[in-house]
Amino acid sequence: MRPALSALVITFGRIGLMSFGGPVAQIGVMQRELVETRSWLTEAEFLKGLSFAMLLPGPEAMQLGTYAGWRLRGITGGLIAGTLFILPGALVMAAVAWAYGRWGAMPALAPAFLGIKAVVIVVLVQALWRLGSRALRRPLHHGLALAALVAIAVAGWPFPLVVALAALAGLAGGRGAGATSPAPRPGLRAPLAAGGGFLVLWLAPLAALWAAGTERLLDVGLFFSRLAVVSFGGAYAALAYTAQAAVEAEGWLTAAQMVDGLGLAESTPGPLILVTQFVGYLAGHAAGGAPLGFAAAAVTLWAVFLPSFVLVFSLAPFLERLTAQPRITAAMEGVSAAVVGVIAALGLYFATHVLFAEVAPSGLPAPASLSPVALGLVAFAAVLLVRFRLSLPIALTATAGAGALTGLIG
């Protein structure tokens, strides 16, 4: 189905506004909006796009949205989808970073954010159920999902290694169920022109900053450009590198501020990788107050997200031909199965930190630290979304209000 551009704007604007809780929840929101509600993509097309996005460096949820928009309406659709996926959260994060830079942490908002996180947990469970029922079609797929869950959550293996091993296992496991006759070979001119054009757009501002001698902005732009091209594994993989380099090596912010930024990014709409915008703002704010902070935040957004447009627009045209080949399809099915396990691992991490006040470095929570309030809000969110099937915006509003009410009572 080829939607009108206006419908694409409205839908991805909604997705951008409703995308709380990091990439796992955002993937669930997109699956709900694009596959179930509007039937713009089939489940197989969505999973294929998800596997593609997971194989690229950078924010996988934003790249999935860009791929979906490109598949529906070409480069224009990809630009609309990718930009609107980022924009609402970026505007909110700009305001939050400014307030944080001026007044520090804002604990008064924590109860409302807890309500939002409760909805995110329910959305995660729903997304896992739906994706798992489609991606886990053979015993091999179930085994790969379980192995990926254990590798990420228990052994702490790096995400790229898990994906590579899953692809090899899928390849060795036989022909892909969805294999078809080869798709037509795409021309090289259009993908190369699109990728090259966005590559110039990405690098030109960095060259201008170098020529202007704006040292702090250039440092921020170069740092986050490096991050964008080496951060395989999405936002969670990028955060460890960001925290280590920005706190320890660059000294742009403290470890406590980094933790606050992560909490704010998880509690506001948009991709979790927007925590980099928070880091960029504080890096600029420390050197020149709010004006330089906003400039550094803008440079950060440009450096982090422009490479994703380069990768998607230059590589997506070749995906159909590649996945029409039986062995490639089998490998991609292995990746899709592992992705279910990865999502489960990351969702478990998120839920554990929402429901328990104390979590050991090993990831095991202290049972006595279970929050009855958080558990009650999750149950409330489940009733709204599962029993009464309310829309996500209504459920988010109601549960955030319930969380704020618990804060007033407590």
Size of the range 268-382 as Cα extents on the principal axes (Å, biggest first): 52, 44, 29
Residues other than P3 with Cβ under 10 Å of its Cβ, Lys/Arg counted +1 and Asp/Glu -1, net out at +3
Using the scaling law 2.2 N^0.38 Å as the reference, what is the normalised Cα Rg of the chain? 0.96
Distance from the Cα centre of the range 329-367 to that of the range 256-311, in angstrom? 25
With 10 angstrom as the radius, rank V275, V29 by how many other C-beta atoms surround their C-beta, starting from the fewest. V29, V275
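At 0.36 nm per residue, and after removing the present C-alpha to C-alpha distance, how many nm does the segment from V9 to L91 gain when stretched out fully?
Between V9 and L91, full extension yields an extra 27.8 nm.
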Output ordering of 362-370, 89-97, 4-12, 306-314 (per-residue mean of other Cβ within 10 Å, highest first) is 306-314, 89-97, 4-12, 362-370
What list of ³J(HN,Hα) values in whole Hz, one per residue of the range 199-213 in order, does the Karplus curve 6.51 cos²θ - 1.76 cosθ + 1.60 (θ = phi - 60°) give from phi, with Gly and Pro shown as x? 5, 5, 4, 5, 8, 4, x, 5, 5, 5, 5, 5, 5, 7, x
Give the order of V304, V279, V354 when sorted by the count of other beta carbons within 10 angstrom, beginning with the fewest. V354, V304, V279
Once fully extended, how much extra length lies between L222 and L146, figured as 0.36 nm per residue of separation less the alpha-carbon to alpha-carbon distance? 23.6 nm
Compare P107, P372, P361 in a GNM of the chain, Cα atoms joined below 10 Å, and give the one with the largest fluctuation. P361
Which residue fluctuates most in the GNM of the chain (Cα springs below 10 Å): G347, G289, G334? G289
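Tell me, what is the Rg over Rh of the range 1-94, with Rh the Kirkwood radius over Cα pairs?
0.93
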Select from L396, L377, L168 the residue whose mean-square fluctuation is largest in a Gaussian network model of the chain (Cα-Cα springs shorter than 10 Å). L168
R0 = 22 Å: FRET efficiency of I409 with L375, Cβ-based, nearest 0.05? 0.85
Under the 7 Å Cα-to-Cβ spin-label approximation, L203 and A249 lie apart by a distance in nanometres of 2.1
The chain: calculated mean residue ellipticity at 222 nm from DSSP helix runs of at least 4, using -39500 (n - 2.57): -25000 deg cm²/dmol
Using θ = phi - 60° and the Karplus relation 6.51 cos²θ - 1.76 cosθ + 1.60, list the HN-Hα couplings for the range 249-255 in order, rounded to whole Hz, with x at every Gly or Pro. 7, 8, x, 6, 7, 8, 4
For labels at T42 and L315 in the simple 7 Å Cα→Cβ model, what's the distance in nm? 2.4
Okay, which of the range 13-41 sit inside 18 Å, backbone N to the point 7 Å along the Cα-Cβ direction of S391? 13-20, 29-40
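No value in this document is a laboratory result; all are computed from the given coordinates. No experiment lies behind these values; they were computed from the predicted model shown. Note: ideal-geometry Cβ built from the backbone for every residue, glycine included; neighbour counts use all protein chains shown.
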